[in-house]
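The structure appears right after this line, and notes come after that.
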Amino acid sequence: MIRRSRQGTGKQNPKQLRSAVEAAAFQKEWFKATRQKISDGEPFVLANADTPHEIFLTMDIPVVMTQWWSPSLLPSGSLPTTSIS
């Protein structure tokens, strides 16, 4: 286990696992990098959780699940004007 300050409180959280801290750091960096790529005009996919993401990931196209991640990741006005039919 690892002790880590809770955001903004200065209190320690003795139940925070190191793997959870590392996963959160990875997700934060992924969001930052992906948001920048989207802002720069690179392609991305908005998909449901049951969409086969591997197809797009093998083409280095990030997949944003509409259920949870899209509001926190996509800059306003970045929705695609075309789609795969």
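All of the numbers you see were taken from the coordinates with simple rules; none came from a lab. What you are looking at is a predicted structure, and each value in this text was computed from that prediction instead of being measured. Note that each Cβ is placed from the backbone with ideal geometry, even for glycine, and that neighbours are counted across all protein chains shown.
Identify all residues within the stretch 22-50 that are touching a strand residue (DSSP E or B) at 6+ places or on another chain (Cβ under 7 Å) and surrounded by 14 or more Cβ atoms within 10 Å (Cβ to Cβ); write none if there are none.
Correct list: 44, 45, 46, 47.
Consider only pairs whose beta carbons are under 8 Å apart and that are at least six residues apart or on different chains; among these, list those whose first residue lies in the stretch 21-41 and is in contact (Cβ under 8 Å) with a residue 24 or more places away in the chain and whose second residue is assigned to a helix (DSSP H, G or I) and exposed (fewer than 10 other Cβ atoms within 10 Å of the Cβ).
31/72
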